1. Report the label-to-label distance for residue 108 and residue 208 in nanometres (one decimal), using points 7 Å from each Cα along the Cα→Cβ vector.
2. Once fully extended, how much extra length lies between residue 500 and residue 389, figured as 0.36 nm per residue of separation less the alpha-carbon to alpha-carbon distance?
3. Considering only the other residues whose Cβ falls under 13 Å of the Cβ of residue 252, what net charge follows from Lys and Arg at +1 and Asp and Glu at -1?
4. Within region 323-364, which residues have the backbone N less than 20 Å from the label spot 7 Å out from residue 260 along Cα→beta-carbon, could you tell me?
5. If you fit an axis through the alpha-carbon atoms of helix 356-368 and take the longest principal axis of the Cα set of the chain, what angle between them do you get, 0 to 90°, nearest 10?
6. Tell me the angle of helix 31-59 to the major Cα principal axis of the chain, expressed in degrees between 0 and 90 and rounded to the nearest ten.
7. In the neighborhood of residue 198, defined by Cβ-to-Cβ distances under 11 Å, what is the net charge if each Lys or Arg adds +1 and each Asp or Glu adds -1?
8. Normalised by the number of residues in the chain, what is the relative contact order in percent for Cα pairs under 8 Å and 6+ residues apart?
Amino acid sequence: MTIDEDLVIKNTPEEEAVTEVPKASEPKKSPETAEAQMKISVAEDEEITKTAQHLVDRQGPFDPRLDLPNYQFPPFDLLKDYGATDITYNEKELKRNKDKIVKTLLDFKINISKIEVVVGPSVTLYEIIPEAGVRISKIKNLEDDIALSLAALGIRIIAPMPGKGTIGIEVPNKIRKIVPMRSVIQSKRFQEAEMELPVAMGKTITNETYTFDLTKMPHLLVAGATGQGKSVGINAILASLLYKKHPAELKFVLVDPKKVELTLYNKIERHFLAKLPDEEEAIITDVTKVVKTLTSLTKEMDMRYDLLKDAMVRNIKEYNDKFKKRLLNPENGHRFLPYIVLVIDEFADLMMTAGKEIELPIARIAQLARAVGIHLIVATQRPSVNVITGMIKANFPARIAFAVTSKIDSRTILDSGGAERLIGKGDMLISTGNDLVRLQCAFIDTPEVENLTTYIGSQRAYPSAFPLPEVEDENGGTKFDDDIDDRDELFKEAAYIIVSAQQGSASLLQRKLKLGYNRAGRIIDQLEAAGIVGPFKGSKAREVLIPDVIALDEFFNKA
């Protein structure tokens, strides 16, 4: 049994389709007619609900995971075990640092009523409560003096601590503790997280696993100087999602101008990656192709909004819930929508080569795409204002900063200082709008990523990567590959089915030819390129441009 047969047998049997509701006649102005029409509409809705409930009772809710029913989620032992991750500390050193902080503040006539210590993986937090009448700004200005007395780099003063009546002084540990990716993935907080796209980023100063939901961010800007942990951070985000999501529920679009950072993810192309149908490589390394991909994503976004509008829902979660309950008819173009995460590993390179061509679609996707499940993760090692422009910053409320060289760069990323005082090697600040949290990023090295992608890639997959919509070229034509030799072997048979039924529907091909959704969609695109069916029209079936089988025979004879 092939993967395509599975898709048909388990997800799109003929009896699953909800009976298409006949369109009501044109409304008239009389109140009696309007009331009657409303009753008809209510009756139709009740009939759809009743039919859907009957299907659910008989077959159960639609399960997108049945496309790959035997898919196994990655086990924890693919990640390296670094042993005990408990925090160790030197009592004498902590007391010595406390005394030095108190003495330095006393030298400037600032009295302290209380000081407490919280030890983290790479940083120790000293929380102080100054005596009444002490100005917070006075303590804030002593950052360099405290660093001098402790002979330490990367000291950061948080005045005041959010939600507390204290002032925090962060001091780097002399012996730093690694935060293994395995420890955060195995943590109870991550495993029990009820999130759509959960990410385990690392550990806080209090040694707690820091998790967030990418759908709530909803986009992420990552910046930092070379070698400070950006690529490891991106791998940590991707690994988190791979550990929690099924291939039917999530797709990645990966842009890697450096050509070496994301290549390992090629192994999961037919499981988790999305690409344009005419591209050979799923991971985009040619910057000239990025604009085309972004344009395709905006087209996918618009198509998804049409589906949401037709389903009368506000976001992808409501839409997929409705689809699982079989309340949406695949005959009308409805389909289960996976989340799509676009990852750009070096944004500065794209801005140098394409500039406004890149900035505008990025801004448009960032503004609108969250509701339809498309999310961006954009990373750069050059956080200057001509790379991270105002238009881009405005649409990325969530930002991650690794160590940078100057306060100006820190302000460009976070709108505040602090990143210039980070100590590197995964030390990071994450801003989610109001809060600014310091973390030690989880560490995942190349062999671990390779283990993870090899494990997933060795399993049964879809026939191809998830296809993104085709885009139009400069002349307004669609860039379909209409080479006859490259057409699907079932192209001709599919054409006769479509013309005979006078219905340009991918789900019709799925049922009649026992195909998977991706392959059926590709054939529909080829039929459009050949001029047999019309363009995509949201939730409506495509128009069939050839009236009957006789005309189709003539079409093929001429070809």
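1. Simple spin-label model gives 3.0 nm for this pair.
2. Here the answer is 34.6 nm.
3. Charge balance near residue 252 sits at +1.
4. In region 323-364, the label zone of residue 260 (backbone N under 20 Å from the point 7 Å along Cα→Cβ) covers 344-350.
5. Between helix and principal axis, roughly 90 degrees.
6. Between the helix axis and the principal axis of the chain, the angle is about 80 degrees.
7. Net of charged neighbours comes to 0.
8. Relative contact order for the chain comes out at 18 percent.
Each value in this text was obtained by applying a stated rule to the coordinates, not by laboratory testing. Computed from a predicted model, the values in this text were never measured in an experiment. Please note: Cβ atoms are built from the backbone with ideal geometry, for glycine as well, and neighbour counts cover all protein chains shown.
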